[in-house]
Amino acid sequence: MHNSSLVSKAVRFALVAGATSAAFTAPAVFAEEEGVERIEVTGSRIKRTDLETASPITVFSSEDIANTGVATLEDFVQTIPAINGGAEGSSINNGSRGYATASLRGLGSGRTLVLINGRRFASGDLNSIPTSYVERVEVLRDGASTIYGSDAIAGVINFITKKDFEGLEVNAQYDVTSEGDGEKTLFSVTTGASNDKGNVVLSLQYTNREEIYQGDRSFSECPIFERDGAKVCGGSGTIPYGQYFYLDGEPAGGYVKDPGTGMERPFDQAIDGFNYATTSYMVTPQEVFSINGAGRYEITDNLGAFLEGGFTNRQSDQLMAPEGTFWGPVMPATNPGNPTGEDLVVYRRLRETAGRAFTQDFSDYRMVFGLEGTVGEFDWDIAYNFARFVDSRLDLGRVNPTRIENLLDPALCAEDPACLAAAPDGSWDILTAGTLTQDMIDYAFVPNSPVIRGETRQLMANISGGLFGVELPGGEIMWAAGYEKRWEEYQSVPDGAASIGQIYSVAGDPTEGAYSIDEVYAEFDFPILSGMFLAESLRFTAAVRYSDFDFLDDSSTNTKFGLEWAPIDGLLLRTTFAEGFRAPGITELFAPQAETNLAYNDPCENWGTTANATVAANCQSEEIPADFELSSDQSSTIVGGNPDLKPEESESFTAGFVYSTDFGLSFGMDYYDIEITNGIGTAGTDNVINGCYNSANFSSGLCDFILGPEALGEAAWRAGDYRNALGNVSGILLTNANLSTFETSGIDFDISYATELGGGDFSAVLNGTYLDKYNYVPFEGAEKVELAGKVGADQWETTLAAFAEWRTNLTLNYAMDNWAVSWQTRYQSESEDLFASEDNLDNYADSIFYHDVQGTYFVLENTALTLGVKNLFDEEAPYISNNQDMNTIPASYDTAGQYWYGRITVKF
């Protein structure tokens with residue numbers, strides 16, 4: 001009975017602690033005390049007794065994750081201040097793959113290495129890592145290519161899973177917005193057992209997220225355009241009763257057959273624009289099931305075996321407005337529904353269909369087997385890591401352009417019995433709403449079902465320990481060394497109809513590729529001084545890695561150096577310098593090239609009021625009216641892989657300090673500077689179009705990236721080479737390329753305070769990042785793009801993002817007896833449109849504070865009940881004239897609004 005009481009009290013204490021913890025860089029420990037266990041920290045293979053190293057690391061425990069009330073790791077990672085840019089997630093609908101990614105420093109998910117227990121997994125999808133299985137998250141905020149190889153230029157996010165878990169833990173959580181939608185459900189079970197020989201742990205988790213439509217929020221219920229200094233509800237120029245243009249360009253402009261009168265009149269976006277928000281997701285739904293397990297067994301006193309395995313299945317969806325005839329098919333004069341007697345180019349929304357539905361059935365597999373042990377004073381391990389994903393996709397509501405053209409042309413339809421069966425009258429009146437019959441839909445629409453596969457295999461061997469008793473005044477020199485062999489494979493198999501060009505805007509060429517890498521590394525820790533005046537500790541670290549990729553002509557050798565100086569107890573000064581090397585990733589090389597539609601700021605809108613003579617002259621040369629309005633701010637763009645990519649290289653520098661006191665206050669600050677040369681990325685739609693139109697007579701090299709509408713089979717504008725019949729710049733080439741340089745710098749800071757207060761425990765943590773510089777050059781010789789504090793195209797993700805200068809989190813916790821409360825404030829500073837214009841109503845994405853509150857109470861000794869609210873004051877995503885979607889920047893703001901949640905946790 002007594003022992004049972006002790007166990008229950010221990011469980012209860014752990015639950016309370018979980019409700020009140022907060023992440024911070026660990027206090028510095030400088031003396032290597034006898035008997036203190038050495039551990040391995042992300043960023044080094046050398047085991048040490050202290051957590052603070054020369055490299056800046058932030059550690060988040062499983063309790064920290066629970067304390068934020070998140071149901072997925074995507075929701076947690078995206079709130080980390082060092083995360084920036086336009087990574088994929090639940091708020092990305094147009095162009096999403098269902099993935100959740102992370103982008104440290106805004107340098108792109110491909111430069112942020114995501115690991116599980118220090119090892120890679122094939123997909124990099126955060127959805128594949130369940131919250132219930134994570135023991136802690138270690139975020140390394142400087143380059144680590146020498147330790148982990150390619151892809152770690154911006155840093156590392158290492159998810160450490162539960163290994164020594166004992167007992168049973170059950171979690172259930174339900175979230176819902178204040179609007180009664182967007183429900184999230186989480187259920188998890190984690191169990192483990194131990195004996196003197198080893199431990200096993202098994203974790204199962206299920207999460208479900210329901211959709212929210214753009215039309216369900218007031219700020220996004222209708223696409224906004226600006227006219228005469230006012231916001232007007234508009235929409236796409238591809239409309240249910242067709243906007244048409246005369247094929248010969250005369251008369252100029254778009255026209256409609258008025259649904260009321262049947263008479264021809266000019267298209268007016270305020271009257272005719274199609275509101276696509278009502279049938280587009282704001283938050284995308286998904287359902288994820290995962291099962292993970294790990295086991296360790298001590299074979300002898302000096303030899304052990306370990307095994308890890310995991311499987312995740314994700315069912316995810318995106319929904320966009322119904323398909324349209326975006327390529328501008330011709331309605332010939334011979335079509336009985338043509339009221340003009342002339343050939344017309346028609347942009348028609350096929351509203352008779354439900355919409356374009358994109359679904360993914362995604363399976364992620366992972367298996368690790370290894371041995372570890374000691375030989376003398378050396379620790380060693382060898383492991384084989386196998387990871388694979390299969391992404392089976394199904395897109396519905398996609399159109400066959402050839403068959404649409406058959407339906408429009410009576411002569412072509414007469415030659416196709418299937419067309420005549422679908423349209424007994426011999427043609428389709430595209431200029432009248434509701435005339436697309438089910439038979440026509442069955443004839444002209446085709447599902448798209450591509451399959452994507454990826455695989456990573458990794459053989460790793462490491463050894464570490466003291467350097468054979470060689471000592472410096474500060475202690476024995478420590479070292480680590482290892483070998484890694486890695487194999488990467490990728491395959492994209494298109495749908496059969498796409499492979500013969502029968503699905504509009506879908507890549508039809510199969511792609512596949514594979515490569516392998518051999519790498520060796522060595523790492524050294526030199527304790528120069530210890531326990532001396534103004535030198536409680538002084539140590540120098542060095543690492544080197546040699547990489548040989550089988551598809552590259554040259555190998556690469558990279559180094560990293562660090563210096564740690566503790567002049568007095570509690571104060572650590574530190575600096576690092578690291579070289580980085582990143583070979584192009586498997587998807588960057590071999591992903592299929594496909595069309596997407598990306599938001600951009602058109603320099604020719606209302607060009608008659610511009611003071612820029614160059615822009616005015618270029619727009620006028622294309623016969624664009626001085627009061628030109630776009631009915632859609634999206635440009636058809638080609639994205640995808642490039643097998644001719646070369647490696648990129650980097651240099652990163654950090655310098656900072658950590659100060660810890662005896663009275664609970666800790667303070668840390670680190671400056672970072674990263675420079676990437678030959679960087680892989682894209683020039684950005686906005687950058688390409690605005691750079692081209694701001695050059696005299698279209699002389700900029702950026703104009704070469706505009707292939708024009710013919711490259712995508714679209715009808716062309718009446719003059720010039722760059723625009724389709726609607727007036728949008730078309731055919732932007734944004735496939736991966738080796739750009740010139742990327743440079744970013746800033747300051748990370750952490751302040752932590754903990755004390756006893758009023759009979760309870762109080763803690764406060766402030767984490768933040770100041771972005772001083774974020775610059776890149778689209779190609780050699782181009783003007784530098786300066787994005788710090790701006791809204792601009794994320795060169796990696798291709799979407800617009802707010803690169804805010806300040807991102808901070810303040811967390812306050814208080815616990816007493818059987819209850820605990822926490823309050824977190826998340827702040828993001830305002831960002832100005834990179835292409836700000838006096839004609840825009842709003843050139844700024846506003847600064848914003850989000851407030852989250854949570855309370856936990858123990859209804860039983862081993863049961864915790866938690867209630868919380870995220871975005872307590874229901875802050876609305878800000879409007880900006882040059883927006884990505886939903887009239888805002890969804891990658892950078894909370895679009896769903898206020899969320900309420902309840903969670904019950906039971907531990908045995």
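The values are calculated or read from the model by the stated rules, or taken from the named source; none is laboratory data. A quick note: this is a predicted structure, and the numbers were derived from the prediction, not measured. Counting neighbours? That spans all protein chains shown, and the Cβs are built from the backbone with ideal geometry, glycine included.
Below are the figures for this structure:
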quantity: Neighbours by Cβ (under 6 Å, 6+ apart or cross-chain): first from the range 291-310, in the same structural domain as V134 (by TED's automatic domain parsing); second surrounded by 19 or more Cβ atoms within 10 Å (Cβ to Cβ) and of a type in the set (V, I, T); calculated: A294/V201; E308/V368
quantity: Extreme residue, surrounded by the most Cβ atoms within 10 Å (Cβ to Cβ), among residues of the range 530-562 that are closer than 22 Å to T661 by Cα and not small (G, A, S); calculated: R539
quantity: Verdict on A578 being under 24 Å from V688 (Cβ atoms) and either small (G, A, S) or assigned to a strand (DSSP E or B) (or both); calculated: no
quantity: Hits in the range 356-380 - residues which are in a loop (DSSP other than H, G, I, E, B) and either of a type in the set (D, E, K, R) or not assigned by TED's automatic domain parsing to the domain that holds A461 (or both); calculated: E377
quantity: Whichever residue in the range 245-271 is in contact with an Asp or Glu (Cβ under 9 Å, 6 or more places away or on another chain) and among the charged types (D, E, K, R) and, among such residues, is surrounded by the fewest Cβ atoms within 10 Å (Cβ to Cβ); calculated: D248
quantity: Single unsatisfied condition, A611 versus (1) under 30 Å from P890 (Cα atoms); (2) modelled with pLDDT under 90; calculated: (1)
quantity: Residue match in the range 117-138 (condition: touching a residue at least 40 places away in the same chain (Cβ under 8 Å), among the β-branched types (V, I, T), farther than 24 Å from R582 by Cβ and surrounded by 20 or more Cβ atoms within 10 Å (Cβ to Cβ)); calculated: yes
quantity: Evaluation of F667 against (1) assigned to a helix (DSSP H, G or I); (2) out of contact with any Ser or Thr (no Cβ under 6 Å at 6 or more places or on another chain); (3) of a type in the set (A, V, I, L, M, F, W, C) (one fails), failing number; calculated: (1)
quantity: Hits in the range 52-79 (condition: within 15 Å of V156 (Cα to Cα) and without any contact (Cβ under 8 Å) to a residue 60 or more places away in the chain); calculated: Q78
quantity: Selection count where residues are closer than 30 Å to K257 by Cβ and of a type in the set (A, V, I, L, M), scope the range 427-486; calculated: 8
quantity: Condition check for V288: more than 21 Å from E135 (Cβ to Cβ), in contact (Cβ under 8 Å) with a residue 12 or more places away in the chain and in contact with a Lys or Arg (Cβ under 8 Å, 6 or more places away or on another chain); calculated: no
quantity: Those residues of the range 135-157 which are acidic (D, E) and outside any strand (DSSP E or B), in sequence order; calculated: D142, D151
quantity: Of all residues making up the range 563-586, the number that are basic (K, R) and under 17 Å from F540 (Cα atoms); calculated: 1
quantity: Residue match in the range 685-702 (condition: over 30 Å from A252 (Cβ atoms) and either outside the structural domain of T557 (by TED's automatic domain parsing) or surrounded by fewer than 20 Cβ atoms within 10 Å (Cβ to Cβ) (or both)); calculated: yes
quantity: Given (1) surrounded by fewer than 16 Cβ atoms within 10 Å (Cβ to Cβ); (2) in the same structural domain as D379 (by TED's automatic domain parsing), number of the condition G434 does not satisfy; calculated: (2)
quantity: Residues satisfying the stated conditions in the range 679-729, i.e. assigned to a loop (DSSP other than H, G, I, E, B) and within 19 Å of E797 (Cα to Cα); calculated: G679, T682, A683, G684
quantity: Total residues in the range 499-516, condition in a strand (DSSP E or B) and either aromatic (F, W, Y) or surrounded by fewer than 20 Cβ atoms within 10 Å (Cβ to Cβ) (or both); calculated: 5
quantity: Count - residues of the range 764-786 that are touching a strand residue (DSSP E or B) at 6+ places or on another chain (Cβ under 7 Å) and of a type in the set (D, E, K, R); calculated: 4
quantity: Options T353, T340; residue that is touching a residue at least 12 places away in the same chain (Cβ under 8 Å), β-branched (V, I, T), within 21 Å of A725 (Cα to Cα) and not in a strand (DSSP E or B); calculated: T340
quantity: Of the criteria (1) among the hydroxyl-bearing types (S, T, Y); (2) assigned by TED's automatic domain parsing to the domain that holds G768; (3) outside any strand (DSSP E or B), which one S632 fails; calculated: (2)
quantity: Long-range neighbours under 9 Å by Cβ, at least six apart or interchain, first residue within 16 Å of N127 (Cβ to Cβ) within the range 199-216, second of a type in the set (K, R) and not in a strand (DSSP E or B); calculated: S203/K162
quantity: Of residues in the range 184-236 being modelled with pLDDT of 95 or more and among the aromatic types (F, W, Y), the one nearest to D268 (Cα to Cα); calculated: F219
quantity: Residue within the range 450-473 that is among the small types (G, A, S) and assigned to a loop (DSSP other than H, G, I, E, B) present; calculated: no
quantity: Cβ pairs under 7 Å, 6+ apart, first in the range 734-754 and under 16 Å from K773 (Cα atoms), second among the basic types (K, R) and crowded, with 17+ Cβ neighbours inside 10 Å; calculated: T744/R105; D748/R141
quantity: Qualifying residue in the range 186-208 (condition: surrounded by fewer than 21 Cβ atoms within 10 Å (Cβ to Cβ), out of contact with any strand residue (DSSP E or B) (no Cβ under 7 Å at 6 or more places or on another chain) and closer than 26 Å to A354 by Cα); calculated: no
quantity: Odd one out for T278, checked against (1) surrounded by 17 or more Cβ atoms within 10 Å (Cβ to Cβ); (2) in contact with a helix residue (DSSP H, G or I) (Cβ under 9 Å, 6 or more places away or on another chain); (3) within 30 Å of W327 (Cβ to Cβ); (4) of a type outside the set (G, A, S); calculated: (1)
quantity: Only one of F24, F76 that is of a type in the set (F, W, Y) and either at pLDDT below 65 or under 30 Å from I477 (Cβ atoms) (or both); calculated: F24
quantity: Scope the range 856-873; condition surrounded by 15 or more Cβ atoms within 10 Å (Cβ to Cβ) and under 24 Å from T808 (Cα atoms); matching residues; calculated: G868, V869, K870, N871, L872
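The rows are residues; the columns are (1) part of a strand (DSSP E or B); (2) within 23 Å of F267 (Cβ to Cβ); (3) in contact with a strand residue (DSSP E or B) (Cβ under 9 Å, 6 or more places away or on another chain); (4) not aromatic (F, W, Y).
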position	(1), (2), (3), (4)
F628	no, yes, no, no
N642	no, no, yes, yes
L645	no, no, yes, yes
F663	no, no, yes, no
